[in-house]
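The values are calculated or read from the model by the stated rules, or taken from the named source; none is laboratory data. The model shown is predicted, which means the values in this text are computed figures rather than measured ones. Backbone-built Cβ (ideal geometry, glycine too); neighbour counts: all protein chains shown. Keep in mind that these areas ignore ligands, DNA and RNA; they rest on the heavy atoms of the full protein, side chains included. Shrake-Rupley method; radii C 1.70, N 1.55, O 1.52, S 1.80 Å.
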Amino acid sequence: MLNFLRIKNFKAWRDTGPIRLAPLTVIFGANSAGKSSLGHLLLALKQTALSTDRKRALHLGNESTLIDLGTFADCLHGHDLTKSLEFEMGWTLPKPLEVRDPLQSGKRYLGDRLDLVVTIAAGKTGQPEIDSMRYNLGSADGVVLDVNLARAENRKFSLDSDGYRFVMADGRKWPLEEPEKFYRISDVSMARFKNAGFLTDFALATEAMLGNLSYLGPLRKPPQRTYQWSGDTPEGVGQMGESAIAAILAAQNEGRRLNRGPGMHRQSFAELVAGWLKDLGVIHSFVVRPVAEGRKEYEVMVKTHADAPEVKITDVGFGVSQVLPVLVQAFYCSPNSTVWMEQPEIHLHPQVQAELADVFISAIRSREDGNARNVQLIIESHSEHFLNRLQRRVAEGEITPDDVAIYFCKRSGAATELEPLRINLCGDIENWPENFFGDEMADLTARTVAAMSHQQEQSK
């Protein structure tokens, strides 16, 4: 689970400042204020980790990748290639990581948190290359082990640490290679030292964290009359929710059973999704079944209310198909995942927008086979109804302020600023931003003035 993020010189962001990421993190802001850029960088990091090209420091994308960021100049704040893209991210490890120094018997470093700090600059051809990369392994007591790979003015790399002594292997005085991607020290570079093998564990932990990152965009695929599923297990619902039905069938096939939170009864995956759709008031019943025995075509049948006939999902309101991928992704993702969603409330009635807050609170508290799933949701939203319900649940004690992080994204000249909103135990936001959801008072005043003017015209 990600718990910290900071980005410098990326798109609209000169510097985001430190961003605390909670189990449920919500980002509000005006259109084109830079909210989505935060997720775009994470997607670029994930597709870089998935790339087979180890020499590419940052995979900016193409038409077949998660995201296409254009050129490196397009990514930099002000399109200034003299600036460096910097980012820092910290996450909690699923289980503690232990490092032992083979040259010092009994010397061990144990941590359950990993931080990665990277600086990427433009090379001679304008392509991104690594200038520095630092790992910090931490625990409740602070940093227990740090590793820093940095490029000197002569363009050669050095590897050092404040608390760990790297010892060069005999006869291996070759220069260190360029790092692989943005997070991995090459095998050849590690072989230069007698005690650097643990750096592979750091790289694997980074790949695991990025592998558990998923994204659901604001535009979702329209419903279909039939869906095909041949037994595959999709990673998620897809960026447009196109694999939501396949995910439901895969979860059912695997016999996955979840509950909505501690102490609540377990349900099959399809029952859980159907139950939430009913609780949201979107439909009365929901079922996925094969068109015929032995076929790989499936149809989604729904009832809008108890006495209504069963019809296909294509024959009811658009909202069902829009909220379905949101529900599925929130509970389908694997334990210790981070899910980034843009505008999950789109096309939904205000009441359903509010109810989504309860869905997300349930998702971060849900359990599977008796174990906490530790899922993290990062939500971009424009919904005041969603926020009101979230504030209410904080006041009622359903979720604590520590489990929620709320931010307001706003333009400040050529750059963007991210303002953390302080929510207290009463659910009140103590630093309500100006024009958070528009200028409501100005609208009320203008309406009153117009009404008075209209009355005066009628009285003449």
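Please work out whether region 1-156 counts as rounded, prolate or oblate from its C-alpha gyration tensor, where a ≥ b ≥ c are the square roots of the eigenvalues and a/c under 1.5 means rounded, while otherwise a/b larger than b/c means prolate and anything else oblate?
It is oblate, given that a/c is not under 1.5 and a/b is not larger than b/c.
Can you give me the Kirkwood hydrodynamic radius for region 145-219, using every pair of distinct Cα atoms, in Å to one decimal?
Radius from the Kirkwood sum: 14.0 Å.
In this model, which of Lys173/Lys194; Lys11/Lys83; Lys107/Lys173 are farther than 20 Å apart at the alpha-carbon?
Flagged as over cut-off: Lys107/Lys173.
Give a residue-ordered list of calculated ³J(HN,Hα) values for region 400-414 (Karplus: 6.51 cos²θ - 1.76 cosθ + 1.60, θ = phi - 60°; whole Hz; x for Gly, Pro).
Calculated HN-Hα couplings, in order: 8, x, 5, 8, 10, 10, 10, 10, 10, 9, 9, 7, 9, x, 7 Hz.
Determine ³J(HN,Hα), in whole Hz, for all residues of region 272-282 in sequence, where each value follows from phi through the Karplus function 6.51 cos²θ - 1.76 cosθ + 1.60 and θ = phi - 60°; x replaces Gly and Pro.
4, 5, 4, x, 5, 4, 5, 5, 6, x, 6
Listed highest first by mean packing, meaning other Cβ atoms within 10 Å per residue, what order do 90-103, 301-314, 133-146, 27-40 come in?
Descending packing order for the listed peptides: 27-40, 133-146, 90-103, 301-314.
Please report the projected area of region 318-460's Cα convex hull averaged over all directions, in nm².
About 13.0 nm², averaged over all directions.
Rounded to a whole number, what % of the accessible area of the chain do carbon and sulfur atoms account for, probe 1.4 Å?
The value for the chain is 48 percent carbon and sulfur by accessible area.
Scan around Arg192 for amide H atoms under 5 Å from its own, H built in the peptide plane at 1.01 Å from N, and keep only partners 5 or more places away or cross-chain.
Answer set, sorted by chain and number: none.
For a test of the definition: using alpha carbon positions, the gyration tensor, and the 1.5 limit on a/c, classify region 221-352 as rounded, prolate or oblate.
Rounded is the answer for region 221-352, as its axis ratio a/c remains below 1.5.
With every protein chain present, what is the per residue accessible area of the chain (1.4 Å probe, Å²)?
Here the residues of the chain average 47 Å² of exposed surface.
What whole-number volume per residue, in cubic angstrom, does the convex hull of the C-alpha atoms of region 250-292 give?
Residue-normalised Cα hull volume stands at 83 Å³.
With N set to the residue count of the chain, report its C-alpha Rg divided by 2.2 N^0.38 Å to two decimal places.
1.11
Once region 9-77 is represented by equal point scatterers at the alpha-carbon sites, with solvent omitted, what log10 I(q)/I(0) does the Debye formula produce at q = 0.20, 0.27, 0.28 Å⁻¹?
Normalising to I(0) and taking log10 leaves -0.93, -1.29, -1.33.
How big is the C-alpha Rg of region 115-267 next to the rule-of-thumb value 2.2 N^0.38 Å, as a ratio?
Dividing the Cα radius of gyration by 2.2 N^0.38 Å gives 1.51.
Take the Cα gyration tensor of region 187-263, multiply each eigenvalue by 5, square-root it, and list the three semi-axes largest first, rounded to whole angstrom.
For region 187-263, the semi-axes come out at 38, 17, 13 Å.
With a 10 Å radius around each residue's Cβ, average the other Cβ atoms per peptide and rank 151-159, 287-295, 255-263, highest first.
255-263, 151-159, 287-295
Taking the Cα atoms of region 136-177, report the difference between the largest and smallest coordinate on each principal axis, in whole Å and largest first.
The Cα atoms of region 136-177 stretch 38, 26, 13 Å along the principal axes, largest first.
Hey, how many Å between the Cα centroid of region 317-381 and the Cα centroid of region 197-223?
Taking the Cα centre of each part, region 317-381 and region 197-223 sit 18 Å apart.
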